[in-house]
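The structure appears right after this line, and notes come after that.
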Amino acid sequence: MQREEKQLEATLHAILNRVNDLKSAIQALITKLETEYETIHWPSFLDNYAILSGHLTGLSKILQAELAPSLRSVVVLPLQLGCERDEELSRLTEGRVPACTHDLVPDLLRTKPEPQAEQRLQQLIHKASTLNYDTAQKQVAQFTKVISHVWEIISKGREDWEGESMRSAGMQPTHSIADTHALVTAVGTGKGLRPGMPACVPPGAVAPGMGPSRGPTPQMGPAAPIMPKAPSAIKTNIKAANQIHPYQR
Amino acid sequence: MSAINAAPITATDSLSQALKANIIPNQEYLLQGSVLDSAVEVLLHRLRGLCDNVDAGPETFDDQEVCFSLRDPSQQAVPLMLRVRKALDARDMPYQLRYIGQPDLGDKNRPTVVRSSLDIACSGMLIEFLNELGCRIEFEYSVKGYMFRKGRMKITVAKVFKISQSSMPPEPISQSYLVELSVLAPQGQDAIGEDMRAFADQLRPLVQLDKIDYKRLGHMAVT
């Protein structure tokens, strides 16, 4: 008997320590959130959750250990309820529980969900178990579809945002090697500039978006080849269509 | 007194002296590239941020260049090419006569093209003079665009137009602006090439400034 009591006490002590650790971690998290929310470095803030989860794992390990069964055989019996403020209790709980009242005690001593919640859970479980396989498959497929649409929208947004923020490469090319060669050769050797020769435009020249910067685009001669449409523009159109798609459904 | 006795210093003397001292900036270090019309504004904006002469907006220019060739009638050697440039937007400026040598690309460790280059300011009689010498007009074009400076470096962003015979508006060669980064320096100052590379890297990926051998390109287009 003596031995068991001692063991129980040790277990309780260990659990209490763990719970206190957890509590202080949560407090630190809340304080950080409330006081440093403007300067917080969010990735390192996430580490706080890792600490919390570590404490929780430790706690559940103790509860699962061999020592725990003795706790299960211990009965907690509320002897007295009252609406009057209990200073001692208030101090112990740091002001969170001022009195041992009828609203609180059932929740504190609860070992299974509320009857109402339990009933709803049962209903749901029943519904899930009676569901047709095909219907279930269909719903899963639908859900996956929705998720993938959301994923698409988000990644598109990210792409846009990154493209804008870096202003680099972008989706559209800003220079064309064919044009560079055409210009350099023209200035260097007069290719395409000698009288009686057609304008020098390599067949593969990329010409997206006729530049609006220089007023009206000069009319090409009748012999001039038709400019191939820019592949980049086509790509953009497809993307735009993708973006619209989810809203049609 | 001894100064009077000594032979008078002629222009040839001072020229050869300058050549010996290697102070004539007769080498052009050059990188070339192009930018599409749609992106030229972005490039100009970036250049405004990088360059020196931007207090009153970018400097514009509008030049016409005529390229003459002087052939040796007896031989089939490569004709000598001379370029005459005149400013269309500032008629009182002198004509510029320019000789450009063969571009030397070197190996891939050399950062820029190097070619010899001589510039002389001339009067308007120049064209007649060249005609009298037996020069023939090979081709001509006009360039209109913007000029930037950064230290010794000169950056031009310009549209190249074909000169039309009729009163039609000049026809651009391509849907891009020609971008050139160049420095004139005396022989052997290869360090400037590294500076140019560094500057060109700042314009990436908007413009890819490179060593381009137009002679090789010309052959490629023919074959």
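The values are calculated or read from the model by the stated rules, or taken from the named source; none is laboratory data. Since the model is a prediction, treat every value here as computed from it, not as a measurement. Glycine also receives a Cβ, built like all others from the backbone with ideal geometry; neighbour counts cover every protein chain displayed. For the accessible areas, the whole protein counts, side chains as well, though only heavy atoms, and no ligand, DNA or RNA atoms are used. Shrake-Rupley method; radii C 1.70, N 1.55, O 1.52, S 1.80 Å.
Accessible surface for residue B:156 stands near 20 Å², nearest 10, in the context of the full protein assembly shown (1.4 Å probe). Residue by residue, the range A:88-95 carries 3J(HN,Hα) couplings of 4, 5, 4, 5, 4, 9, 6, x Hz when phi is fed to the Karplus relation 6.51 cos²θ - 1.76 cosθ + 1.60 (θ = phi - 60°); x denotes Gly or Pro.
Counting lysine pairs in chain B that sit 8 or more residues apart in sequence, or on different chains, and whose Cα atoms lie under 13 Å apart gives 4. Adding -39500 (n - 2.57) for every DSSP H run of four residues or longer, then dividing by how many residues chain B holds, sets the calculated 222 nm ellipticity at -7000 deg cm²/dmol. Among the protein heavy atoms, those of residue A:152 account for about 80 Å² of accessible surface (1.4 Å probe, every chain in place). Among residues other than residue B:195 with Cβ under 12 Å from its Cβ, the summed charge is 0 (Lys and Arg +1, Asp and Glu -1).
So who's got an amide H within less than 5 Å of the one on residue B:59, skipping anything under 5 residues away but keeping other chains? H placed 1.01 Å off N, in plane. Hits under the 5 Å cutoff: B:147. The charge dipole of the range B:139-223, taken about the Cα centre with unit charges on the Cβ atoms of Lys, Arg (+1) and Asp, Glu (-1), comes to about 160 debye, rounded to the nearest 20. Computed with a 1.4 Å probe over protein heavy atoms only, the accessible area of residue A:110 comes to about 90 Å².
In the range B:5-160, taking the dipole from charged Cβ atoms about the Cα centre, the farthest positive-side position among B:142, B:95, B:157 is held by B:157. Report in % the part of the accessible area of chain B that belongs to carbon and sulfur, leaving out ligands and nucleic acids; probe 1.4 Å. The C+S portion of the solvent-accessible surface of chain B is 55 percent. Selection among B:79, B:69, B:117 by position relative to the dipole of the range B:46-121 gives B:79 as farthest towards the positive end (Cβ unit charges, Cα centre). Rounded to two decimals, the Cα-based Rg/Rh of the range A:1-139, with Kirkwood Rh, is 1.08.
Shown for the range A:1-140: lysine pairs separated by 8 or more places, or found on different chains, whose C-alpha atoms are under 27 Å apart, numbering 8. Each Lys and Arg adds +1 at its Cβ and each Asp and Glu adds -1 at its Cβ; summed about the Cα centre, the range A:1-127 shows a dipole of about 520 debye. With the convex hull drawn around the C-alpha atoms of the range B:1-143, the volume per residue stands at 252 Å³. For the segment B:155-167, counting C-beta atoms of other chains within 10 Å of every residue's C-beta and taking the mean gives 2. Largest accessible area first, the residues B:91, B:115, B:152, B:197 order themselves as B:91, B:152, B:197, B:115 under a 1.4 Å probe with ligands, DNA and RNA left out. Note on the range A:103-167: with charges restricted to the Cβ of Lys and Arg (+1) and Asp and Glu (-1), its dipole about the Cα centre is near 260 debye. Note on exposure: A:109, B:15 ranked by accessible area (1.4 Å probe, complete protein assembly) read B:15, A:109, with the most exposed listed first. The contact between chain A and chain B removes approximately 3400 Å² from the accessible area (both sides summed; 1.4 Å probe; ligands, DNA and RNA excluded). Loop-located chymotrypsin sites (Phe, Trp or Tyr not before Pro) in the range A:1-78 (DSSP state other than H, G, I, E, B) with a sparse environment of at most 16 neighbouring Cβ atoms within 10 Å: A:37. Placing unit charges on the Cβ atoms of the charged side chains and taking the dipole of the range A:1-151 about its Cα centre, the candidate lying farthest along the positive direction among A:48, A:115, A:148 is A:148. Would you tally the net charge around residue B:32, using a Cβ to Cβ cut-off of less than 13 Å, leaving residue B:32 out, and scoring K and R as +1, D and E as -1? Around residue B:32, the surrounding residues sum to -2. Within the shell of other residues whose beta carbon sits under 14 angstrom from the beta carbon of residue B:104, the net charge comes to +2, with Lys and Arg scored +1 and Asp and Glu -1. Please say if the range B:162-212 is rounded, prolate or oblate, where rounded means a/c under 1.5 for a ≥ b ≥ c the square roots of the C-alpha gyration tensor eigenvalues, and otherwise the choice is prolate for a/b larger than b/c and oblate otherwise? The shape class here is oblate.
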